[in-house]
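Take a look at the structure below.
Any read-out appearing in this document is the output of simple, stated calculations on the displayed coordinates, not a laboratory observation. It should be emphasised that the depicted structure is a prediction, and the values quoted were computed from it without experimental measurement. We place every Cβ from the backbone using ideal geometry, glycine too, and count neighbours over all the protein chains shown.
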Amino acid sequence: MILKNSPVQKITFKNKSFYVKRDDLLHIDFSGNKARKFYYFLINEFPDIKRVVSYGSMQSNAMYSLSVLAKLKGWEFEYFSRINEKVLKNPNGNLKAALENGMKLKDIRDLELEIVKSDKNLFSNCKILDDILIIPEGGRCKEAEEGIKILATEIIEWAKEKNFKKLNLFLPSGTGTTALFLQKNLSQSPTFNFQFQVYTVPCVADKAYLKKQFFFLESNEKFHPTILNPPKKYRFGKLYKELYEIWLDLKKETGIEFDLLYDPIGFKTILTNFQFLISNPLLYVHQGGLKGNESMIARYKTKFGKI
Ligand SMILES: *Cc1c(COP(=O)(O)O)cnc(C)c1O
């Protein structure tokens, strides 16, 4: 499988113009930031690995991308989660696709037992144990840098073409892995007098959590993105009418489908900071996740009916 450069598109939203890096279009099966994060495992040979093991939510984007990777590589894929029987009976979105790719879904409580027995730090990093590849929740590990470095290179080339000497970038964070390695690799660009500033917003917890994640991956603070606060506290995965509405507005005004978990919080944050964010050209990184929208849309429709 080859990942081609993803395109950049100019859009207008709420009468402001900016650019979108369409990483959702990287590849039909393997796209978004999870494709960048797992790129290292895609392109290198691991003759000893027979199985990949990870854990997280039952609708995780990382879970789906790992199922694609495992299928391509001929690895078994075991995924531990808090199992909701009702959801499992009628799987949709990421879960349905991952099960179709052969994922074995297991009860997280069994994993917890195993961890207590063996190693508390089992999932602190990506690692290979005998013939098993261990992947932390959300793919947060140092190996993710390899693919994100390529994303940074594509962005630098594009900025050079456009002759943008200064560029603001924005992407919403979960583990913060993508934002961090993007800032680091843009800052280390050999092109002098280019200034790239990455802005992000924490979606799964608060600023302090995200900062901790950054330090886990990179001790030099000079490479950390700038963290903005969301206009209000949103609980991750919870449904908010205003988030669905901004997602619908985005689709209507730009023609682009964004993800429903992270991007609406991202754009809410952009709107409250538009003035300074667009003082330089602004590039929003679309991190994919569209397979997960299927289950989110179903939940939104059940909760709010037609909006
Ligand atoms: C996983 C994901 C994120 C968060 O990425 P991190 O590297 O964990 O910060 C953001 N947006 C989408 C669509 C994702 O799938």
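In table form, for the structure just shown:
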read-out	value
Computed [θ] at 222 nm, deg cm²/dmol, the chain (DSSP H ≥ 4; -39,500 (n - 2.57); rounded to nearest 500)	-12000 deg cm²/dmol
Computed lengthening from Ile43 to Lys160, 0.36 nm per intervening residue step minus Cα-Cα distance	39.4 nm
Rg and Dmax of the chain, Cα atoms only, in Å	19.0, 57
Long-range HN-HN contacts of Tyr284 with modeled amide H, under 5 Å	Tyr19, Val20, Lys21, Phe170
Radius of gyration and Dmax over the Cα atoms of segment 87-155, both given in Å	15.7, 45
Between 0 and 90°, nearest 10: helix 207-217 axis offset from the chain longest Cα axis	70
Simple label model, 7 Å out from Cα along Cβ direction - Ala208 to Lys251, nm	3.8
Built amide H within the under 5 Å cut-off of Gln195, gap 5+	Lys166, Leu167
Unpartnered cysteines - no second Cys beta carbon under 4.7 Å - across the chain	Cys203
Under 29 Å from the Cα of Lys89 - lysines, other chains or at least 8 residues apart	Lys34, Lys50, Lys71, Lys73, Lys104, Lys106, Lys238, Lys241, Lys291, Lys301, Lys303, Lys306
Translational diffusion of segment 1-122, µm² s⁻¹ [Kirkwood Rh, Cα pairs; Stokes-Einstein; 25 °C; 0.890 mPa s]	150
Dipole of segment 53-197, positive end: most advanced residue of Thr177, Asn90, Asn101 [Cβ charges, Cα centre]	Thr177
³J(HN,Hα) computed for each position of segment 12-20 - Karplus, 6.51 cos²θ - 1.76 cosθ + 1.60, integer Hz, glycine/proline x	10, 9, 6, 6, 10, 9, 7, 10, 10
Dipole magnitude of the chain about its Cα centre (Cβ charges: Lys, Arg +1; Asp, Glu -1), debye to nearest 20	1080
Folded to 0 to 90 degrees: helix 241-254 orientation relative to the chain principal axis, Cα	60
Largest to smallest principal axis extent of the C-alpha atoms in segment 139-298, angstrom	46, 34, 28
Candidates Lys21, Lys232, Lys207: whichever shows maximal mean-square fluctuation once the chain is modelled as a Gaussian network with Cα springs under 10 Å	Lys232
Segment Phe236-Ser17, length gained on full extension (0.36 nm per residue, minus Cα span)	76.0 nm
GNM result for the chain, Cα springs below 10 Å: residue of Glu294, Glu112, Glu145 fluctuating most strongly	Glu112
Relative contact order computed over segment 35-143 (Cα-Cα under 8 Å; 6+ residues apart), in percent	35
Among 218-230, 258-270, the order from most to least packed when residues are scored by Cβ within 10 Å on average	258-270, 218-230
Calculated from backbone phi, Karplus (6.51, -1.76, 1.60) coupling profile of segment 99-113 in Hz, x at Gly/Pro	5, 5, 7, x, 4, 9, 8, 10, 6, 4, 5, 5, 5, 4, 4
Extended-chain gain in nm, criterion 0.36 nm per residue less alpha-carbon gap, Ile297 and Asn125	58.7 nm
Segment 169-233 and segment 247-307: distance between their alpha carbon centers, rounded to Å	19
